[in-house]
Amino acid sequence: MRCTAVVLAGGASRRMGSDKKLLRLGGRSFLELVLEAAAEAGDEVLVAVATREQAREVAERCEVEVVLDSHPGAGPAMAMLSAAGVAKHECLLSMPVDCPLIKPGVYRLLVHELGASAEHGACLPEAMGRVQPLHGAYRRDALRGVHRVRSMYRLAELLNPLVVPESTVRTADPELESFLNVNTPRDYRMLVERCLV
């Protein structure tokens with residue numbers, strides 16, 4: 001199954017106080033790190049943003065196709081629906097830019113499971129005790145059948161998701177680092193300290 005990796009980079013970063021996609025880890029920005037994982041996991045890469053200013057910032061830093069949210073400020077679920085409208089491939093991978101340690105192997109696992117089960121519109125990993133819809137594999141046609149939705153959890157519910165248990169997810173990411181997201185300065189400090197150990 002061929003895939004379009006969608007890097008979700010349209011957040012306002014209010015709790016962080018600065019643009020999360022430009023935070024640096026190991027000398028590289030979060031955007032660069034997630035784009036690298038996206039290029040390894042997908043056959044096409046899109047960056048979904050909420051504003052023209054964000055689109056301009058991304059275009060200045062890398063050569064990648066940018067998708068502007070059809071409903072700016074409506075969150076990642078609507079960003080995924082916008083990306084589904086232009087994606088070339090049958091499966092979309094949701095990859096949040098504030099998770100800079102994403103492992104492409106997690107997405108290969110999800111795509112494999114989704115491809116083996118035609119009855120599901122999405123495949124989602126379980127990690128840290130809960131389902132993680134921000135890290136899913138979604139069928140493009142199933143997304144195109146949804147017109148408006150407020151949250152990724154609600155979007156996932158509408159698509160009859162197949163859930164991969166945490167024990168299986170750990171075969172691709174033993175420490176579940178893909179799911180370490182950075183929302184606050186404290187989160188960022190903890191992540192940097194973790195990577196220095």
Problem - Qualifying helices (runs of 4 or more DSSP H) (wholly inside the range 7-89; at least 3 residues being without any contact (Cβ under 8 Å) to a residue 24 or more places away in the chain) - result: 52-61
Handout entry: From Glu193, Glu126, Glu175, residue being free of Cβ contacts under 8 Å to residues at least 12 places away in the same chain and not in a loop (DSSP other than H, G, I, E, B)
Key = Glu193
Problem - Meets criteria (crowded, with 21+ Cβ neighbours inside 10 Å and under 18 Å from Gly75 (Cα atoms)) for Val169 - result: no
Practice task
From the list Arg150, Arg154, pick out the single residue that is assigned to a loop (DSSP other than H, G, I, E, B), within 17 Å of the chain's Cα centre (by Cα), touching a residue at least 12 places away in the same chain (Cβ under 8 Å) and loosely packed, with under 14 Cβ neighbours inside 10 Å.
Solution key: Arg150
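Residues are listed down the side, and each one gets a yes or a no for (1) under 19 Å from Val45 (Cα atoms); (2) in contact with a strand residue (DSSP E or B) (Cβ under 7 Å, 6 or more places away or on another chain); (3) surrounded by fewer than 14 Cβ atoms within 10 Å (Cβ to Cβ); (4) not small (Gly, Ala, Ser):
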site: Glu90; (1), (2), (3), (4): yes, yes, no, yes
site: Ala122; (1), (2), (3), (4): yes, yes, no, no
site: Pro125; (1), (2), (3), (4): no, yes, no, yes
site: Tyr138; (1), (2), (3), (4): yes, yes, no, yes
Practice task
Kindly check whether there is at least one residue in the range 43-55 that is touching a His at 6+ places or on another chain (Cβ under 9 Å), loosely packed, with under 15 Cβ neighbours inside 10 Å and of a type in the set (D, E, K, R).
Solution key: yes
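Read-outs: derived from the displayed coordinates by stated rules, not from any lab. Predicted model only: the values in this text are computed from it and were never measured. Cβ coordinates were reconstructed from backbone atoms using ideal geometry, including for glycine residues, and neighbour counts include every protein chain displayed.
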